[in-house]
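Below you'll find the structure, written out as structure tokens, and then a few comments.
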Amino acid sequence: MPFPALVRGAGLALALVVLASCRIESAAPSSDVVATHEGTPSGEVWVYTSMYQHVLDALEPLLKQRLPGVTVRWYQAGSEKVASRLDAERAAGAVRADLLAASDPFFIERLARAGDFLPYASPHVLRVPRSLLDLDARYAAIRVSTMVLVHREDSPPPPTSFAALVDGSWKGRVAIGDPLTSGTAFTWAVFCQARYGDAYFTGLRERGAIVAGGNAAVLQKVESGEADAGVLLLENALTARAKGSHLQVVWPTDGAVTIPGPVALFKSTPNPVAAKAVVDVLLSPEGQRLIVEKGDMHAVDPRLAGPRDEPGVETLLQRAQPWTPALVEQGLARGGALKEAFSRAFSR
């Protein structure tokens, strides 16, 4: 079932039953894992992730407290680098990761369809909005990032929608991420192409859009005045404002673009007991709170407020363009064509 599965009415109750029944009891750990008794989490767990290092640093004490017998090791990099490393390890038949926690839903779905993941539904997912879950329990979001519009307080009147960047209702310099190198920019581009077609990229170029690379580069160009507005992750904007930036957030009237950050358990893990326990901690109320407070991202737990006094995840999803099976298919099947269309538009 494509990410995210859309569930309505009576199907919701069925989904809860499916999720609960999908919890699979794992085999005993391999011989290099020391367990005080069968099923006790212990040993090493490697997590490949694109979460910020300072968020991982904040999660470390909680993991050590909850899982004293487990040593969590991180490979931390941007989503594109994480994907490249995993693809190389998969090709060599030697995946080191036990868990994957990345902000590229399309890459996660591709691996899920390849059968790489061990189904596991943590008890904590029963409260997560259904649109953030795979109902086959192959993965579940642990955080939500969001693409919004930003501008400086002293800039000209900002665009009010992503459509305004090309429809002539707003004229100015806008910085955007590069979907060829940035996973979050790619997801945003999939949404825009699905809604406005390939002509959207040509329109961006004709109106002087600046391709900045990643989100950090977009932020720098808007703050420096090189760009009047930008398409940026909400978490980057909130963090910058907390440090004194005069950046302003604009919620696009055509809907923000949410980017779920799923976690998934590899079938090849030698330590499924400990890996599942780490997932449970990440989805626990305490783990979710750290993701909000340290990462300025939205938790998937609807009981928690959003970052920096923003509303929680349920309100966020109402402000966002919906994920659909058709959109997931477009990102998977036509991702290469999208990148070619973007390259053509900006190489003229």
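The values are calculated or read from the model by the stated rules, or taken from the named source; none is laboratory data. What you see is a predicted model; the values in this text were computed from it and never measured. Heads up: the accessible areas ignore ligands, DNA and RNA and are worked out on the full protein's heavy atoms, side chains in. Shrake-Rupley method; radii C 1.70, N 1.55, O 1.52, S 1.80 Å.
Could you give the C-alpha radius of gyration of the chain expressed as a fraction of 2.2 N^0.38 Å, taking N as the number of residues it contains? So the chain has a normalised radius of gyration of 1.00.
At a probe radius of 1.4 angstrom, the accessible area of the chain per residue rounds to 41 square angstrom. Using only alpha carbons, the range 122-232 has a radius of gyration to Kirkwood radius ratio (Rg to Rh) of 1.07. Subtracting the Cα-Cα distance of Gln53 and Asp87 from their residue separation scaled by 0.36 nm leaves 10.0 nm.
The sum of -39500 (n - 2.57) across all DSSP H runs of n ≥ 4, divided by the residue count of the chain, sets its helix-only mean residue ellipticity at 222 nm to -12000 deg cm²/dmol. Using alpha carbons only, how many degrees (0 to 90, rounded to 10) separate the axis of helix 272-283 from the longest principal axis of the chain? Relative to the chain, helix 272-283 is tipped by roughly 40 degrees.
Projected onto their three principal axes, the Cα atoms of the range 223-348 cover extents of 53, 40, 27 Å, largest first. Relative to the longest principal axis of the chain, what angle (0 to 90°, nearest 10) does the C-alpha long axis of helix 215-224 take? The helix 215-224 is inclined about 40 degrees to the chain. Taking only Cα atoms, what is the 0 to 90° angle, nearest 10, from helix 183-196's long axis to the longest principal axis of the chain? Approximately 60 degrees, to the nearest ten. Within the accessible area of the chain, the carbon and sulfur atoms contribute 53%, probe 1.4 Å, all protein chains present. For the chain, DSSP calls about 60 percent of its internal beta bridges antiparallel. Could you tell me whether the range 92-170 comes out rounded, prolate or oblate from its Cα gyration tensor? Rule is a ≥ b ≥ c as square roots of the eigenvalues, rounded for a/c under 1.5, then prolate if a/b exceeds b/c, otherwise oblate. Judged from the Cα gyration tensor, the range 92-170 comes out prolate (a/c at least 1.5, a/b above b/c). Student exercise: in the chain, how many lysine pairs 8 or more apart or on different chains have Cα atoms under 26 Å apart? The result is 16.
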